[in-house]
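Undergrad: Structure provided below as structure tokens; questions to follow.
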Amino acid sequence: MTEVALLGLGSNLGDRLDTLQRAVDLLAAEPGIIPTRCSRVWETDPVGGPPQPDFLNVVLGVEVDLAPHDLLVACQRVEAALGRVRDVRWGPRTIDIDVLLFDALAVDDADLTVPHPRMHERAFVLMPLLDVDPDAALPDGTRLVDLPLGPDATGGVRPVAPPLRVP
């Protein structure tokens with residue numbers, strides 16, 4: 001059964017734009033993942049962690065014939081292929097891929113939480129997510145645009161490039 005998921009991708013090391021495009025291409029090469037649409041590319045201030053360069057972020061819509069945990073494993077394979085190192089929490093990274101929404105499913109365990117628990121509080125997720133899907137909703141039907149936002153929820157982001165090529 002085909003499901004629809006939204007993935008958040010971010011990069012702040014190396015050629016950020018090329019890394020994001022390579023991540024989309026690698027995700028498309030994964031069995032059971034078909035990218036369907038991509039947000040514009042947004043440059044965003046880093047949130048938390050040590051001082052580091054600004055990020056480029058996108059949200060990618062995908063059709064999947066995978067369970068949520070299998071999608072997470074595929075995302076982690078792509079991160080590893082692009083040199084992701086997990087050594088500093090919220091530190092700089094070549095690529096980060098998060099499962100934001102997975103159809104109308106809710107998942108809450110040690111490895112995966114969907115919907116992403118803080119996505120509506122983070123401009124670097126919220127702006128590209130609403131760019132790609134203005135009607136995005138949580139599993140309970142609440143639309144993201146209807147959630148109360150904190151004062152910084154949409155700050156520190158700026159569109160810098162058109163959507164990435166979706167294979």
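Every number here is computed from the coordinates shown, using simple stated rules; none is lab data. The structure displayed is predicted, hence computed values, not measured ones. Using ideal geometry, Cβ is built from the backbone for each residue, glycine included, and neighbour counts are taken over all protein chains shown.
Undergrad: May I ask which residue of G49, C38, P148 lies farthest towards the positive end of the charge dipole of the stretch 3-161, with charges of +1 (Lys, Arg) and -1 (Asp, Glu) on Cβ and the Cα centre as origin?
TA: It is G49, whose Cα lies furthest towards the positive end.
Undergrad: Sort all Cα-Cα distances of the chain into consecutive 5 angstrom bins from zero, then give the percent of pairs in each bin up to the one containing the longest distance.
TA: Here the calculated profile for the chain is 1, 9, 19, 23, 23, 16, 7, 1, 0.
Undergrad: How big is the dipole moment of the stretch 33-112 about its Cα centre under a simple scheme where the beta carbon of each Lys and Arg is +1, that of each Asp and Glu is -1, and everything else is neutral? Debye, nearest 20, please.
TA: Numbers: 7 positive and 14 negative charges, 63 e Å.
About 300 debye.
Undergrad: Let me ask something additional. Under a Cβ-only charge scheme (Lys and Arg +1, Asp and Glu -1), can you give me the dipole magnitude of the chain about the Cα centre, in debye to the nearest 20? Don't skip to the answer; put the middle values down first.
TA: Values: 14 positive and 26 negative charges, 109 e Å.
Using Cβ point charges on Lys, Arg, Asp and Glu, the chain gives about 520 debye.
Undergrad: Counting helices only, and only those DSSP H runs with n ≥ 4, report the 222 nm mean residue ellipticity of the chain as the sum of -39,500 (n - 2.57) divided by its residues, in deg cm²/dmol to the nearest 500. Don't jump to the answer; show the numbers that get you there.
TA: On the way: 3 runs with 38 residues, N = 167.
Computed mean residue ellipticity for the chain: -7000 deg cm²/dmol.
Undergrad: From the residues G83, A104, V132, which one has its Cα farthest along the dipole of the stretch 3-161 in the positive direction, the dipole being from +1 and -1 charges on Cβ of Lys/Arg and Asp/Glu about the Cα centre?
TA: G83
Undergrad: Related question: Determine the relative contact order of the chain: mean sequence separation of Cα pairs under 8 Å and six or more apart, normalised by residue count, in whole percent. Walk me through the numbers on the way to the answer.
TA: Numbers: 351 pairs, mean separation 53.4, N = 167.
Relative CO of the chain lands at 32 percent.
Undergrad: Also: Taking neighbour Cβ counts within 10 Å as the exposure measure, how do T36, T94, T44 sort from fewest upward? Mind showing how you got there, number by number?
TA: On the way: T36 11, T94 19, T44 22.
Least to most surrounded, the residues fall as T36, T94, T44.
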